[in-house]
Amino acid sequence: MHANLPRTPGLIARVEPLTLTRAVRGPFDYRLRPEQADVGVGALLRVPFGSRKTLGIVLELATESELAPERLAEPDAVLPPGVPADLVELAGWIAREYCSTPARALTLVLPPGTAGGVKRKQVLVAELTGAGGDALDGGAPLTDRQRAALEALRRDGPTPAAALGTPTLRRLEGRGLVEVGSRVQTRRPASVAIGRRLDSPPELTSEQRVALDVVLGALTGAGGAGEGGRYLLHGVTGSGKTEVYLRAVEATLAAGRGAIVLVPEIALTPQTVGRFQARFGDVVAVLHSGLGQGERHDEWLRLRSGEARVCVGPRSAVFAPLAEIGLIVVDEEHDGSYKHEGDPRYDARTVALRRAEQHGAVVLAGSATPRPESAVALTRLRLPSRIDGRSLPAVEVLDMRGVHHPLHPRTRMALADVRSAGGKAIVLLNRRGWSNFLSCRGCGNVWMCPNCEVALVLHRASGQLSCHHCGHRRRAPSRCEECGSVAVARHGVGTESVEQELREAFGAELPVFRLDADAAAGKDRLPRTLAAFEAAHAGVLVGTQMVAKGHDFAEVALGVVLDADQTLRFPDFRAEERTFALVTQLAGRVGRGEEGGKVLVQTLAPAAESIEFAARHDSDGFLEQELRRRKVLGYPPHGSLIRIVCSAPEAPEALDVAARLHGLIAPSGQTVLGPAPLFRLRGRSRTQLVIKCTTRDAAVSAVGAAVDECAADAVRRGVNVSVDVDPQ
Ligand code: ADP
Ligand code: ZN
Ligand code: ZN
């Protein structure tokens, strides 16, 4: 800027335009009009931007601009309610921490429905005036309909106009007998609660008491509130972790502050949500994607106004607009759904720590299978036993080498026992569909996705082959398109064929329920299947990892994991952690109730350590050994990873940009692995770089700078660059 140019004094707002292109980076100055003097940080404005209009968020206010007056535009409009200032700051942090842009990060914290123009719902309400009452008593001339309306208003009080006939009311309004005005109507989501409820809080066990006392100490602090603290509630499945969260929330409310409770996924954890609603009533707001835009918008406003002070929801609830946060709970903290898959690829667990720091709040993360990262970073509190001293189920590992049937003979026997005893069983197979892939016996042709380098999966119910990566579908073939042979072989099993298998073997006396993304298609299907299984006297629930989430079913006598080593076959340093968690979490659903229970783990790798540790319920042993392994390899928490994926219609373009990024990042002293090719996905060739770093902040800024530098070139060449800090 030239020093001689006149500067503009006055009220200046620094505005970040909400545009998604990386190339545009604010903030830009706008001059506020005198009547916009109450605009503050976080206000949402509609502003002229080049030749068009855009929405923008005020990042900062100033009294002077570097720019000359004629170069400064004025905002067209202020659009309440805007965003609280602490969330604007948090968005800035997310943009930096995850190598994204301020605009993209700000879209995470906007009131729901901002882009779609969702407004508060207004309804016309009529109310009787004094004159109206006199008219009724004094026998003024009234039609029958008018008289009926006035009497109804006297009897029922203010009433939505539509119920009484708006034209009638308008005429009465003209005579001063009623008042008609619009009122805001709050849209409230239906309660999601199902399952068992406790009417009154139970007496805490001594283990719960000890853990809670530590949290309460941090909440109230020695010298008052606001000390903060980070805790990991490491409790075996069924140890009563939720009750500890409930008590901690209760204390937070009593101290006049608010709480956020993060859960993996609402549809899969309705019981947890229900327990918070049952305990705290209307002070609980629920925010999740299953709600209508209007409901979400209004729940958001209830939190913003302080009417609701507890927010329960999945990862995005970490952005709940609470004024004073005292506690953030992260339930089932090991769950992968806390990581966001779109840009910014934030991790709600990490964001929770940051947000708690802003507010001096306590973080309480809980799991039976905590991540090694959390075990190191958080202060551990333990709940080593199940409520009522019930024991964890015995786990038996079944070697599947040489067994040519999806169910081991012992599994069939155990299921037959459940059938004759009239109990329940859960069968987990982390693969949807009927069979993994089809091949031609004549020529060896394998049916592949035209967009991705993966085989198509047969879904027999719909008669289709489908790609589990891009969603491509086609009709299942009856003959080979290459050689005409009708001998099409099916390989492997999925939840659909296991369901069929179970129905044929046991279905007459043991109803089979299936829970996976296919069976769950359609609103409310998931909670309904869960409720039906809960209500049944006997049955088998078969499904993907969904069946192992925090459900609290009584009377599940048997759990079965099919193909437990499947997760181990992924080339990923978290493979061990995932396998351990899957087996342990399934065991956690078993044997809650009077009867004990047992778990069978079918695997081709019976000696795998993660499976052995899970069979012994030894999560301490697993953590210790996993941390040792990661130290040797320099994986988190002993260092951080950043993954960059370049994708383009043609491989050379993606490779070029990746190589250029490599050249820009490596000189900063970071270890850069790659470029390494990935399988083609959604019609795009992909190549990746992995940065392994010990100084995370330096690596993040080196990557951010490199990506910014390449951004324009990449766009021109049709290359998409995506950065994932702490990839899953
Ligand atoms: P976790 O989340 O650790 O797996 P839950 O919170 O689901 O465990 O608790 C398991 C069961 O024990 C639930 O049905 C819960 O209502 C019950 N429960 C929790 N605490 C107590 C207690 N102190 N006394 C009696 N029952 C309890
Ligand atoms: Zn063929
Ligand atoms: Zn595909």
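The values are calculated or read from the model by the stated rules, or taken from the named source; none is laboratory data. All of these numbers come straight from a predicted model, not from anything done at the bench. Neighbour counts are summed over all protein chains in view; Cβ atoms, including those assigned to glycine, are modelled from backbone coordinates with ideal geometry. We work out accessible area using only protein heavy atoms, side chains counted, and drop any ligands, DNA or RNA first. Shrake-Rupley method; radii C 1.70, N 1.55, O 1.52, S 1.80 Å.
Among the residues of segment 378-393, those identified as touching a Lys or Arg at 6+ places or on another chain (Cβ under 8 Å), modelled with pLDDT under 95 and either crowded, with 20+ Cβ neighbours inside 10 Å or of a type in the set (A, V, I, L, M, F, W, C) (or both) are Leu392, Pro393.
Do the conditions hold for Gln625, that is, is it in a helix (DSSP H, G or I), polar (S, T, N, Q) and open to solvent by 20 Å² or more (accessible area, probe 1.4 Å)? Spelling it out, Gln625 is indeed in a helix (DSSP H, G or I), polar (S, T, N, Q) and open to solvent by 20 Å² or more (accessible area, probe 1.4 Å). Exactly one residue out of Arg46, Arg14 is closer than 23 Å to His297 by Cα, assigned to a strand (DSSP E or B) and over 28 Å from the mean Cα position of the chain (by Cα), and it is Arg46.
When you scan segment 470-483, do you find a residue that is more than 13 Å from ligand 3 (Cβ to nearest atom), crowded, with 16+ Cβ neighbours inside 10 Å and hydroxyl-bearing (Ser, Thr, Tyr), even just one? No; the residues of segment 470-483 include none that is more than 13 Å from ligand 3 (Cβ to nearest atom), crowded, with 16+ Cβ neighbours inside 10 Å and hydroxyl-bearing (Ser, Thr, Tyr). The number of residues in segment 575-597 that are out of contact with any helix residue (DSSP H, G or I) (no Cβ under 6 Å at 6 or more places or on another chain) and either closer than 22 Å to Asp417 by Cα or surrounded by fewer than 19 Cβ atoms within 10 Å (Cβ to Cβ) (or both) comes to 11.
Looking across segment 341-359, the residues that are open to solvent by 40 Å² or more (accessible area, probe 1.4 Å), touching a helix residue (DSSP H, G or I) at 6+ places or on another chain (Cβ under 7 Å) and at pLDDT 95 or above come down to Arg354, Gln358.
Within the option set Ala285, Ala255, Ala248, being more than 16 Å from ligand 1 (Cβ to nearest atom), of a type outside the set (S, T, N, Q), surrounded by 22 or more Cβ atoms within 10 Å (Cβ to Cβ) and modelled with pLDDT of 90 or more holds for one residue only, Ala285. Mind checking whether some residue in segment 81-90 is over 26 Å from His359 (Cα atoms) and open to solvent by less than 70 Å² (accessible area, probe 1.4 Å)? So far as segment 81-90 goes, no, none of its residues is over 26 Å from His359 (Cα atoms) and open to solvent by less than 70 Å² (accessible area, probe 1.4 Å). For segment 637-652, a residue qualifies if it is touching a helix residue (DSSP H, G or I) at 6+ places or on another chain (Cβ under 9 Å) and either among the polar types (S, T, N, Q) or surrounded by fewer than 19 Cβ atoms within 10 Å (Cβ to Cβ) (or both), and the qualifying residues are Pro637, His638, Gly639, Ser640, Ser647.
Listed by first and then second residue, the pairs linking a residue in segment 374-400 that is touching a residue at least 12 places away in the same chain (Cβ under 8 Å) and closer than 18 Å to Lys598 by Cα to a residue that is open to solvent by 30 Å² or more (accessible area, probe 1.4 Å) and in a strand (DSSP E or B), with Cβ atoms under 9 Å apart and 6 or more places separating them unless they lie on different chains, are Pro393/Ala557; Pro393/Lys598; Ala394/Lys598; Val395/Lys598; Glu396/Lys598. Sub-6 Å Cβ pairs linking a first residue in segment 466-488 that is outside any loop (DSSP other than H, G, I, E, B) to a second residue that is open to solvent by 30 Å² or more (accessible area, probe 1.4 Å) and within 16 Å of ligand 3 (Cβ to nearest atom), at least 6 apart or interchain, are Ser466/Arg473; Arg473/Gln464, ordered by first then second residue. Filter segment 125-141 for residues that are touching a Leu at 6+ places or on another chain (Cβ under 7 Å) and open to solvent by 20 Å² or more (accessible area, probe 1.4 Å) and give the result. Hits for segment 125-141 are Glu127, Leu128, Thr129, Ala131.
Out of all the residues in segment 414-444, which are among the hydrophobic types (A, V, I, L, M, F, W, C), open to solvent by 60 Å² or more (accessible area, probe 1.4 Å) and either more than 21 Å from Gly539 (Cα to Cα) or at pLDDT 95 or above (or both)? Matches in segment 414-444: Phe437, Cys443. In summary, Ala505 fulfils each of the numbered conditions (1) among the hydrophobic types (A, V, I, L, M, F, W, C); (2) open to solvent by less than 30 Å² (accessible area, probe 1.4 Å); (3) not in a loop (DSSP other than H, G, I, E, B) with the single exception of condition (2). A search for C-beta distances below 6 Å between a residue of segment 612-631 that is touching a residue at least 40 places away in the same chain (Cβ under 8 Å) and at positive phi and any residue that is outside any helix (DSSP H, G or I) and surrounded by 14 or more Cβ atoms within 10 Å (Cβ to Cβ), counting only pairs 6+ apart in sequence or on different chains, returns His617/Leu392. Suppose we keep only residues that are at pLDDT 95 or above and β-branched (Val, Ile, Thr) within segment 585-601. Which one would you say is farthest from ligand 1 (Cβ to nearest atom)? Across segment 585-601, the extreme among qualifying residues is Val601.
Close contacts from segment 39-68, counting a first residue that is basic (Lys, Arg) and a second that is in a strand (DSSP E or B) and open to solvent by less than 70 Å² (accessible area, probe 1.4 Å), with Cβ to Cβ under 8 Å and a gap of 6+ residues or different chains, come to Arg46/Thr54; Arg46/Leu55; Arg46/Gly56; Arg46/Ala77; Lys53/Val47. Identification of strands (runs of 3 or more DSSP E) wholly contained in segment 306-377 with 3 or more residues that are under 14 Å from the mean Cα position of the chain (by Cα) and either of a type in the set (A, V, I, L, M) or more than 27 Å from Gly704 (Cα to Cα) (or both) yields 310-313.
Every test in (1) in contact with a Lys or Arg (Cβ under 8 Å, 6 or more places away or on another chain); (2) part of a strand (DSSP E or B) is passed by Phe513 save one, and that test is (1). Selection of first residues in segment 240-252 that are among the aliphatic types (A, V, I, L, M) and of second residues that are in a helix (DSSP H, G or I), restricted to Cβ pairs under 6 Å at least 6 apart or on distinct chains, gives the following pairs, ordered by first then second residue: Val244/Gln208; Val244/Ala211; Val244/Leu212; Leu246/Arg279; Ala248/Val215; Ala251/Leu216; Ala251/Leu219. Any residue in segment 448-461 that is more than 14 Å from Arg475 (Cα to Cα) sitting within a Cβ distance under 7 Å of a residue that is open to solvent by 60 Å² or more (accessible area, probe 1.4 Å) and near ligand 3 (Cβ under 8 Å from one of its atoms)? List the pairs, counting only those 6 or more apart or interchain. Once the first residue is more than 14 Å from Arg475 (Cα to Cα) and sits in segment 448-461, its partners that are open to solvent by 60 Å² or more (accessible area, probe 1.4 Å) and near ligand 3 (Cβ under 8 Å from one of its atoms) give Asn451/Arg682; Cys452/His469; Cys452/Arg682; Val454/His469.
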